[in-house]
């Protein structure tokens, strides 16, 4: 009896710790996501967001807590007419972009139609306006309408007159002087202009020259001291630019190393905070999820993690909030549902 008792004590002392360690390891191993449940969560999230978007007034969303004083024309309103117009354009663009996304937009038809009409009227006026580079390049004179929106609207509506205008404005170094311009805005804004040129079948030599400039600017930019979020956003814009170029028939094979680096840079910045802490994670999450899903990135588990982060950050009213003032919820909500829907479509 003493021998059996001693053996039992021996086994308990040796085996139980092993079982305990195995149990802890099992608990720490990430459990596979039930794709059916995740798919349902995304669908529910999108429908909830659509209700918010359908019922939310754009002017109220931009002004937020300052709605009353701004509508009354008070000098205390933090928005001038130009700033408000550009924010209205940004949000309207996101509504119009929904038309090209693989998602059900039922309930938002009126919002999309209003946004489309508003933007078409502005786009039609641009060829008779002057390009304003002043916000990005201090050496330039002030113009009528922001440079980046020329290219975005020209690309969105395939406007050949805007293409001709921007082609004339193109210099060997791009559209704005690298010595006097905001390096971040030059980098990301000009990817839209390259896309506008490509959409109009610009010759490959011109496209390649401008893409080479973006490549150099990007590698230089991420060495700098600007906050990490901007560096992630610059990688996102490059990936989306290359996706457009490939769809327009341009050979992007020589940039495969840059493309792979952009992917890993985004993943490492978010997953490991390898290059520094992110200050505005919501924007990094939805932009990264959308761009990586767009190009069918092969790290599905990472994308699932991003999708779950976005789902967890959604407010009870269906919106996503960028900052503390409750402004621009329409823009952030549109971009989040586009990212979630694209991930769902391409991976689940």
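Rule-based calculations on the coordinates, nothing more; no lab input. Just so it is clear, the structure is predicted and the values come from calculations on it, not from any experiment. Note that we place each Cβ from the backbone using ideal geometry, even for glycine, and neighbour counts take in every protein chain shown.
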**Report entry** Footprinting exposure proxy for 48, 111 (fewest neighbouring C-beta atoms within 10 Å first)
**Finding:** 48, 111
Report summary line: Most exposed first, judged by fewest Cβ atoms within 10 angstrom, 297, 209 run 209, 297
Report task. Taking every Cα atom in the chain, find the radius of gyration and the maximum pairwise distance Dmax, and write them in Å. Result -> 24.6, 102
Query raised in the report: What's the exposure ranking of 329, 142, going from fewest to most Cβ atoms within 10 Å?
Result: 142, 329
Report task. Specify the residue with the greatest mean-square fluctuation among 235, 198, 65, computed from a Gaussian network of the chain linking alpha-carbon atoms under 10 Å apart. Result -> 65
Query raised in the report: Restricting attention to the alpha-carbon atoms of the range 265-348, what are Rg (one decimal) and Dmax (integer), both in Å?
Result: 12.5, 37
Requested in this report: Work out how much length residue 226 to residue 59 would gain on full extension: take 0.36 nm times their residue separation and subtract the Cα-Cα distance, in nm to one decimal.
Outcome: 57.0 nm
Query - Gain on full stretching of the segment that runs from residue 264 to residue 311 - 0.36 nm per residue minus C-alpha separation - result: 14.6 nm
Query raised in the report: For the chain, modelled as a GNM with alpha-carbon contacts under 10 angstrom, which of 331, 171, 103 fluctuates the most?
Result: 171
Query raised in the report: Is the range 87-188 rounded, prolate or oblate when judged by the Cα gyration tensor, a ≥ b ≥ c being the square roots of its eigenvalues, rounded requiring a/c under 1.5 and prolate requiring a/b larger than b/c?
Result: prolate
Query raised in the report: What does the helix-only formula give at 222 nm for the chain: each DSSP H stretch with n ≥ 4 adding -39500 (n - 2.57), the total divided by the residues, and the result rounded to the nearest 500 deg cm²/dmol?
Result: -21500 deg cm²/dmol
Requested in this report: If a/c stays under 1.5 just call it rounded; otherwise compare a/b with b/c (prolate if a/b is bigger, oblate if not). Do that for the range 241-284, with a ≥ b ≥ c from the square roots of the Cα gyration tensor eigenvalues.
Outcome: oblate
Query raised in the report: How high is the relative contact order of the chain, in percent, counting Cα pairs under 8 Å that sit 6 or more residues apart?
Result: 20
Query raised in the report: Angle, helix 81-97 long axis vs. longest principal axis of the chain, Cα atoms, 0 to 90°, nearest 10?
Result: 60
Report summary line: Taking Cα atoms only, helix 300-313 is inclined relative to the longest principal axis of the chain by an angle, in degrees rounded to 10, of 80
Query raised in the report: Nearest 10 degrees, 0 to 90: what angle lies between the long axis of helix 281-294 and the longest principal axis of the chain (Cα atoms)?
Result: 90
Report summary line: Here, residue 99 and residue 246, labelled 7 Å along Cα→Cβ, have an inter-label distance in nm of 2.6
